[in-house]
Each structure stands twice: as C-alpha cells, then as structure tokens.
Amino acid sequence: MTSDDAYKENIKKRTHYASQLSKKYIGIEVVVSGWVEDIRDIGKLGFIMLRDVSGLVQTVLVGETLQTARSIPRQSNVIIVGTVQDTKSKNFPVELKVNKVIVLSEASLSLPIDPTGRVESNLDNRLDSRALDLRNPKVQNIFVLRSGILRVIRDFFYEHQFIEVNTPKIIGSASEGGSNLFSFDYFKRKGYLAQSPQLYKEQLVLSLDRVFEIAPYFRAENSHTLRHLNEFQSVDMEAAYLDYTDMMDLIESLIKKILDFSKQSNRIGQENPLFELRTFEELINKPFPRVTYEDCLTQLNEMGEKIEFGEDLSDSSLKKLGEKYDKFFFIIDWPLDLKPFYIHEKYDNPSMSKSFDLQFGYLELVSGGTRQHDVSKLKSRLELQGLSYESFRDHLRVFEWGMPPHSGCGLGLDRLLMVLTGVNNIRETVLYPRDTSRISP
Ligand code: AMO
C-alpha cells in the first residue's frame, strides 16, 4: 500500500509512539509510524522492527502483509496498523500483529551510511549525511539532551531576573578587536559577522539590568582542533551591579542545574539510555575550585612547566593543570594584559584583572569578568591594545549615559555538550558543524 492508498482508505494518523505501547493496550488496534530499521523473514512469519523518534517496536507479519514487507527497503518510512499482543521477546513489553503496512516514502537501496550504527562510518561521512545519521539513537540523544539543556538554561535565567535578547550578527566594525572576523560586502560597504555579542550585551545592561543571549559566534580562525569551530553557540550573560565573583557563583549554579538535569535525563532513557552521558553527580554539592593565575604558575613550575609571569597558559600547560584539576575549576585573576580591553583591573593590584575562565580539565568552557565601565579607562585600554577608539565611538558613548558597573561571561554550549556526553570531537555536538574545511551540508 502506498501513501495515496492510505489517503483514499482514510487510514488514521499515528495513535501511539513506539515507546508508549504497553500491556494495557493488548487487543487494541493502534497506528504507529516511523522507519523500517530491520526486516526479518523466517518463512511463514516475519518481523519489521519499526523505529520512531521514541524507540523501537517489534511488529509481526504473516500472509499478505509479509509479502508486502519483503520488498520494502530498510529505512523506508511506513505506517503500520496493528493489534497489540503479548510477546515472547525479552526486549519489548508487547509487539504488534500487523494488519496493514503502508509505505509512505521508500528509501533508496544504497544509503550513504548505516544509521543503525552497526556498520560504522567515519565522522566525515556521517556529517555529509547528517539528517540520516540522526536516526541513530546514540546520535539523536546528544541533540535531545542539547535541547533539554537549552530549556534548563532559559528557565535558570528567567528565575534570576534576566531577559533574553537577540543582538545583531551583522555588524559594521569589530566587536572585540582582533582580526578573526568574517567580512563581506554590505551594500557598498564592509559588513562583518559578529565574533560575540560582547559590546551589545554590555550596552543593554544600561537599561535592561540583566540580559542573556543564546546565539552563534562567528570566528575566522584557521584552527584545526577537536574543540574549535568557526561557528559555535554561546550562552552569553551580562548583569548590572554584579562582580566577577557573583558571576562565578551564578555560572557555577547554572552548571550544577545542568548536571542535575543530566542526571535525571539518564533515568528517562529506557530502550536507548544516554549511556555515554556523564552526570558528575558527586560534583553537584561541591564548590568548584577557584585557582588564581599566580597559583597556576606556581603549580606548573612545580610540575616542571616553566611559565614566565604574564605569559598566557599554553595548551600543554592547560593539559598539565587539567591532570591535577580534572573536572570543573576556575582560573581567576589573570594579568590584565592578557585580557580584552573591556575587563576591569583589580583595585588592589591594577596589573591584574577581575577575570575568570571556567575549565573542565584542559578544556575552556567559559570566559568572563567584571567589566570596565569608566569610559576614560576604556579609551586608554583600547589604545594600549592598538585599537582605535574612533571605531568604538558608538559603544563608548553609551558609557557616558550612566552605565552601572557590571559583569558577564560567555559559555561555549557545544563544548559543554562535549563534557556531558564524553565525545572528544566538538563536531559530534553540533548538527551541521562549520570548520575550515566544511561549509555544507
Ligand atoms: P571567549 O572568546 O573566551 O570569550 O569565548 C567564550 C567561550 O566560547 C567558547 N569558544 C569556542 N567554542 C568553539 N569553537 C571556538 N572556536 C571557540 N572559541 C571560544 C569557549 C569560550 O570559553 N566576550 C567573551 C565572553 C565574555 O567575557 O562575556 C568571549 O568571547 O567555551
């Protein structure tokens, strides 16, 4: 039967998801729809293993329906009308005795990848066929988790009096300085893709007090690592009257909320538990260590890694530190010169800054700090960093309209997903990743 026949015969739409079928429906006719994961034919009897977004259902076919099923290519999309019955299978609570199979959309016989994951494909091939790759429950789970986390994040901010904002991604000049911007023609002048919402989120606290944004950053960096993309999602926040220590408290409790949520999601999965999900249950009630930059240098020197004061922490030193602090920890109070112009100096030691990075082992997840809100100091910091304050004119004037002191930070969402799912390549956590060699699909 085809979808046209189904239409003519007025076959009902789905009545149940696969995971909803249980013993209480025995004897009842139901309609399920999804894709054919497997067809097993043992002579007079056959089985279609039908998968939908919720899981798998075993369906049993005999006679004419079995005849139809034999010609259906795997991964085709079908409707199955069947009666729920008890099963001998240990893997399912019930099975369906098939009354009708309707093919809605036939899959090609030669698929580019095997979405069941039984035949392994490399990540590049999987990303080339991402829509199909997502039929693999393990892959799908990453994005279900991601969606759940986005909801937790939004709820968290609403509870803390933040409002969600959307700042432009097409901008007329560099948002933070630096040269890592994508540029393009914008009606006879140059436009850029925003490398972060930094300037806008700071401007918005002038009147909105607390704002957050979940949006892409675009960075024209020629990086070839497992943790860098050229387009990635960040959770940005900015709040008036908070200091960087308050901001660390806030981000720490957000991360703990997310860990708590991940712990719960792990229990929900039945047929396809998020078995790779790392919940870090033991960390939920423990404070994350806060280690100063200076302490990091001392510890690194003890480990034989010589770093001069004022130098940035290289990949190899972060890896060493990450062996000692192998979960979440903050590196705080960086030298001011290592930080962007908008970061505030420490009052008791102006060569140091009110700044922090949240690490997971060697992986940087968050960066933030107290912001400079004194416009004359902002101007001199811009000059010191070789940036012309003329190009920040629109931004700087906002600081003359009664700007409150404020703090903020940006959390790399894709990297956080790496930590939670245990995948070692950021591309696994992004639907359609963009890197130096990938711009499609
Ligand atoms: P920063 O540049 O440190 O800070 O970025 C914030 C966080 O974004 C993530 N991240 C990345 N993720 C994937 N691919 C990349 N290429 C990449 N680069 C960064 C990291 C990082 O911690 N304006 C400041 C934030 C602030 O102070 O509010 C900023 O852009 O997890």
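Of the residues 150, 199, 193, which single one is surrounded by fewer than 19 Cβ atoms within 10 Å (Cβ to Cβ) and among the aliphatic types (A, V, I, L, M)? Talk me through it step by step, then tell me what you get.
Numbers: 199 fails: surrounded by fewer than 19 Cβ atoms within 10 Å (Cβ to Cβ); 193 fails: surrounded by fewer than 19 Cβ atoms within 10 Å (Cβ to Cβ).
Of 150, 199, 193, the one residue that is surrounded by fewer than 19 Cβ atoms within 10 Å (Cβ to Cβ) and among the aliphatic types (A, V, I, L, M) is 150.
Would you confirm whether any residue within the stretch 306-316 is part of a helix (DSSP H, G or I), crowded, with 20+ Cβ neighbours inside 10 Å, within 16 Å of the ligand (Cβ to nearest atom) and of a type outside the set (A, V, I, L, M)?
Our first condition is that a residue be part of a helix (DSSP H, G or I); within the stretch 306-316, this holds for 315-316.
Then drop every residue that is not crowded, with 20+ Cβ neighbours inside 10 Å, which leaves none.
The answer is no; no qualifying residue exists.
When you scan the stretch 153-190, how many residues do you find that are out of contact with any Pro (no Cβ under 9 Å at 6 or more places or on another chain), crowded, with 17+ Cβ neighbours inside 10 Å and in a loop (DSSP other than H, G, I, E, B)?
Residues that pass the stated criteria total 4.
Take residue 108 and decide whether it is outside any helix (DSSP H, G or I) and either exposed (fewer than 12 other Cβ atoms within 10 Å of the Cβ) or in contact (Cβ under 8 Å) with a residue 60 or more places away in the chain (or both). Outline the logic, then answer.
Numbers: outside any helix (DSSP H, G or I): yes; either exposed (fewer than 12 other Cβ atoms within 10 Å of the Cβ) or in contact (Cβ under 8 Å) with a residue 60 or more places away in the chain (or both): yes.
Considered against the rule, which asks whether it is outside any helix (DSSP H, G or I) and either exposed (fewer than 12 other Cβ atoms within 10 Å of the Cβ) or in contact (Cβ under 8 Å) with a residue 60 or more places away in the chain (or both), residue 108 comes out as yes.
Would you check if there is a residue in the stretch 61-81 being touching a residue at least 40 places away in the same chain (Cβ under 8 Å) and in a helix (DSSP H, G or I)?
First pass over the stretch 61-81, keeping only residues touching a residue at least 40 places away in the same chain (Cβ under 8 Å): 61, 68, 75-81.
Those left that are additionally in a helix (DSSP H, G or I): 68.
The answer is yes, given that some residue of the stretch 61-81 is touching a residue at least 40 places away in the same chain (Cβ under 8 Å) and in a helix (DSSP H, G or I).
For residue 409, work out the one condition from (1) touching a residue at least 24 places away in the same chain (Cβ under 8 Å); (2) assigned to a helix (DSSP H, G or I) it doesn't fulfil.
Failed condition: (2).
Among 187, 212, 143, which is the only one that is away from the ligand (no atom under 16 Å from the Cβ), aromatic (Phe, Trp, Tyr) and under 30 Å from residue 392 (Cα atoms)? Let's see the steps before the verdict.
Working: 212 fails: away from the ligand (no atom under 16 Å from the Cβ); 143 fails: under 30 Å from residue 392 (Cα atoms).
Criteria check complete, one pass: 187.
Out of all the residues in the stretch 340-374, which are away from the ligand (no atom under 16 Å from the Cβ) and either part of a strand (DSSP E or B) or within 19 Å of residue 197 (Cα to Cα) (or both)?
Within the stretch 340-374, 352 is the sole residue that qualifies.
Within the stretch 386-397, can one find any residue that is buried (at least 21 other Cβ atoms within 10 Å of the Cβ), outside any loop (DSSP other than H, G, I, E, B) and among the aliphatic types (A, V, I, L, M)?
Among the residues of the stretch 386-397, not one is buried (at least 21 other Cβ atoms within 10 Å of the Cβ), outside any loop (DSSP other than H, G, I, E, B) and among the aliphatic types (A, V, I, L, M), which makes the answer no.
Which residues, taken from the stretch 63-104, are among the small types (Gly, Ala, Ser) and at pLDDT 95 or above? I'd like the intermediate steps shown before the answer.
Within the stretch 63-104, the first condition is being among the small types (Gly, Ala, Ser), and the residues that meet it are 63, 69, 71, 76, 82, 89.
Listed by number, the residues that qualify are 76, 82.
For (1) in a strand (DSSP E or B); (2) surrounded by 16 or more Cβ atoms within 10 Å (Cβ to Cβ); (3) at pLDDT below 95, each residue gets a yes or a no:
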residue: 204; (1), (2), (3): no, yes, no
residue: 226; (1), (2), (3): no, no, no
residue: 229; (1), (2), (3): no, yes, no
residue: 237; (1), (2), (3): yes, yes, no
residue: 242; (1), (2), (3): no, yes, no
residue: 247; (1), (2), (3): no, yes, no
residue: 267; (1), (2), (3): no, no, yes
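Here is a list of conditions, (1) modelled with pLDDT of 95 or more; (2) over 25 Å from residue 295 (Cα atoms); (3) within 15 Å of the ligand (Cβ to nearest atom); (4) not polar (S, T, N, Q), and residue 392 meets all of them except one; can you say which number that is?
(1)
Tally time: how many residues in the stretch 274-305 are within 13 Å of residue 359 (Cβ to Cβ) and part of a helix (DSSP H, G or I)?
Filtering the stretch 274-305 down to residues within 13 Å of residue 359 (Cβ to Cβ) leaves 288-291, 293, 296.
Those still in the list that are part of a helix (DSSP H, G or I) too: 293, 296.
Residues that pass the stated criteria total 2.
Looking at residue 244, is it within 11 Å of the ligand (Cβ to nearest atom) and farther than 21 Å from residue 180 by Cβ? Spell out how you get there, then give the answer.
Working: within 11 Å of the ligand (Cβ to nearest atom): yes; farther than 21 Å from residue 180 by Cβ: yes.
Spelling it out, residue 244 is indeed within 11 Å of the ligand (Cβ to nearest atom) and farther than 21 Å from residue 180 by Cβ.
Pairs please, first residue from the stretch 413-441 and touching a residue at least 12 places away in the same chain (Cβ under 8 Å) and part of a loop (DSSP other than H, G, I, E, B), second anywhere and of a type in the set (Lys, Arg) and more than 9 Å from the ligand (Cβ to nearest atom), Cβ atoms under 8 Å, 6+ apart in sequence or on different chains.
Cβ pairs passing all conditions: 422/278; 431/130; 432/130; 433/427; 441/130.
Does residue 30 satisfy the criteria of being at pLDDT 95 or above, within 39 Å of the chain's Cα centre (by Cα) and not hydroxyl-bearing (Ser, Thr, Tyr)? Steps first, please.
Numbers: at pLDDT 95 or above: yes; within 39 Å of the chain's Cα centre (by Cα): yes; not hydroxyl-bearing (Ser, Thr, Tyr): yes.
For residue 30, the condition - at pLDDT 95 or above, within 39 Å of the chain's Cα centre (by Cα) and not hydroxyl-bearing (Ser, Thr, Tyr) - is met.
Where residues in the stretch 324-339 are under 20 Å from residue 202 (Cβ atoms) and more than 11 Å from the ligand (Cβ to nearest atom), which of them is surrounded by the fewest Cβ atoms within 10 Å (Cβ to Cβ)? Quick ask: steps written out before the conclusion?
Here is the first cut: in the stretch 324-339, the ones under 20 Å from residue 202 (Cβ atoms) are 334, 336, 338-339.
Narrowing the set further to residues that are more than 11 Å from the ligand (Cβ to nearest atom) leaves 334, 336, 338.
Values: 334: 24, 336: 22, 338: 15.
Filtering the stretch 324-339 for residues that are under 20 Å from residue 202 (Cβ atoms) and more than 11 Å from the ligand (Cβ to nearest atom), the one surrounded by the fewest Cβ atoms within 10 Å (Cβ to Cβ) comes out as 338.
Rundown of residues vs (1) in contact with a His (Cβ under 8 Å, 6 or more places away or on another chain); (2) over 20 Å from residue 235 (Cα atoms), yes/no style:
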residue: 313; (1), (2): no, yes
residue: 316; (1), (2): no, yes
residue: 319; (1), (2): no, yes
residue: 338; (1), (2): no, yes
residue: 347; (1), (2): no, yes
residue: 357; (1), (2): no, no
residue: 368; (1), (2): no, no
residue: 371; (1), (2): yes, no
residue: 375; (1), (2): no, yes
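The values are calculated or read from the model by the stated rules, or taken from the named source; none is laboratory data. What you see is a predicted model; the values in this text were computed from it and never measured. Note that we place each Cβ from the backbone using ideal geometry, even for glycine, and neighbour counts take in every protein chain shown.
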